[in-house]
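As structure tokens, the structure follows; a few thoughts come after it.
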Amino acid sequence: MGCCRGFGFREGGGLAVDLGLGSVGMGCCRGFGFREGGGGVDLGLGSVGMGCCRGFGFREGGGGVDLVAGVVVVAGVAVSCWVGFGRGWVVRVGCCRGFGFHGDGQILAHMPRFPLLPPLLLLLVALVLSNLGGSLSHGQLSPTFYDETCPNVSSIVRGIIDEALQTDARIGASLIRLHFHDCFVNGCDASILLNDSATIESEKEAPPNNNSARGFGVVDDIKAALESACPGTVSCADILAIAANESVSLAGGRPWTVLLGRRDSTTANRTAASVFLPAPTETLDELKAKFNVVGLNTTDLVSLSGAHTFGRAQCRTFIHRLYDFDNSSNPDPSLNTTYLETLQGICPQGGDGSVVTNLDLTTPNIFDNYYYSNLQVEEGLLQSDQELFSTTGADTIDIVNNFSADQTAFFASFVGIND
């Protein structure tokens, strides 16, 4: 990123969007970069000169978590810049020369909620290239990022996880879930690891994570081991990315090339975690919408859902299917009746909602494609799982059938997202 401090767009880890959206001060910076890492696409603008621009930034306002979509009107040169956006509005303040979005009055443009990120990246890249004459350069995320500074990073992470698996068979699934929940909220920046403080509302307390996300102790153990071997070198965001990969590999899945070099966030976004993370009670359309926000398509949805081929879920996440589905006073009709009886025995009405059972009743600790075979016989544990196969006419059905018949195809698709 040249001499620029604290500004960047990137996709990290390939699972979701990694945005450097914070309170940004450009000062006299001469270089900033937009980049995608993890998807195999690198966008770099590391040699762009900002001229006399001072102190512009993107930030979330009013508790909003809207992202700018590619519908703004770009001017050749706009003598203005913006301090932030939130709840769908971009606000202009007169300060920056030679770079900006054009609009009338104080409001530049109204942006729809839940827009797509890729048009934003393309728009901003085109804007900078046309207005500032920048040239493309290689992004900074790389699988060799720690080759000189911490060459054994992956083996250290793998060793800690392997040891933890001896006493906790589901820790691998818990770690990949941590990575997913981190990446889905403002990108793969380890914000999910931050605790509450005077200035931070921890994402750990968001409903999808509260009393649910786990594995933090193992992450602490990994961090301690890495600090001993390579002090002050490996970011927590990269630890989560490596841990996800090693967890899949240790469970029999296909590993991927982990791009490294992420930076840790100093802020968290509990509101975004509450709003954007997929829920186990959601319909297929709701799931598609949430994945669409972060640039993931229907095949990506089905592939990443395959991570439920190992791990456990609490009764409270699926008990609504067992007794009173959609206020019908009956169980979910898409639930296999024999499987229903088994689950009712594990999760009786009025019972302990924190009791856990296997997500994949066939091979609960192995990363394979049996998750999809279970869906075909109505043995998906979560509503959000079974929706992929039991939603009438859904385009996900053929994808489920393909992954059930061809484990190699599932692995290739899953790895393709993360590679």
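The values are calculated or read from the model by the stated rules, or taken from the named source; none is laboratory data. What you are looking at is a predicted structure, and each value in this text was computed from that prediction instead of being measured. Here the Cβ is made from the backbone with ideal geometry for all residues, glycine too, and neighbour counts use every protein chain on show.
Below, the figures for the structure above:
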{"quantity": "Which listed residue, of LEU301, LEU287, LEU296, is closer than 30 Å to ILE222 by Cβ, outside the structural domain of VAL234 (by TED's automatic domain parsing), under 14 Å from the mean Cα position of the chain (by Cα) and not in a loop (DSSP other than H, G, I, E, B)", "calculated": "LEU301"}
{"quantity": "Subset of the range 231-248 [under 12 Å from SER154 (Cα atoms) and in a loop (DSSP other than H, G, I, E, B)]", "calculated": "VAL234"}
{"quantity": "Candidates ASN297, ASN292 - the one that is within 24 Å of SER334 (Cβ to Cβ) and without any contact (Cβ under 8 Å) to a residue 12 or more places away in the chain", "calculated": "ASN297"}
{"quantity": "The range 313-331, residues that are part of a helix (DSSP H, G or I) and of a type in the set (S, T, N, Q)", "calculated": "THR317, ASN327"}
{"quantity": "Filtered residues of the range 336-360 (kept if in a helix (DSSP H, G or I) and farther than 22 Å from SER305 by Cα)", "calculated": "THR337, THR338, GLU341, THR342, GLN344, GLY345, ILE346"}
{"quantity": "The listed residue being of a type in the set (Phe, Trp, Tyr) and under 13 Å from GLN383 (Cα atoms), out of PHE318, PHE310", "calculated": "PHE318"}
{"quantity": "Top-ranked residue in the range 124-180 [being polar (S, T, N, Q), over 20 Å from LEU259 (Cα atoms) and in contact with a helix residue (DSSP H, G or I) (Cβ under 9 Å, 6 or more places away or on another chain); ranked as modelled with the lowest pLDDT]", "calculated": "SER135"}
{"quantity": "Of the criteria (1) part of a helix (DSSP H, G or I); (2) buried (at least 19 other Cβ atoms within 10 Å of the Cβ), which one ASP398 fails", "calculated": "(2)"}
{"quantity": "Residue count, the range 200-230 (criterion: touching a residue at least 24 places away in the same chain (Cβ under 8 Å), more than 20 Å from SER154 (Cβ to Cβ) and part of a loop (DSSP other than H, G, I, E, B))", "calculated": "11"}
{"quantity": "Meets criteria (surrounded by 17 or more Cβ atoms within 10 Å (Cβ to Cβ), part of a loop (DSSP other than H, G, I, E, B), touching a Gly at 6+ places or on another chain (Cβ under 9 Å) and outside the structural domain of SER249 (by TED's automatic domain parsing)) for ASP368", "calculated": "yes"}
{"quantity": "Matching residues, the range 310-363, being more than 30 Å from the chain's Cα centre (by Cα), among the polar types (S, T, N, Q) and more than 26 Å from ILE397 (Cβ to Cβ)", "calculated": "ASN327, SER329, GLN344, GLN349"}
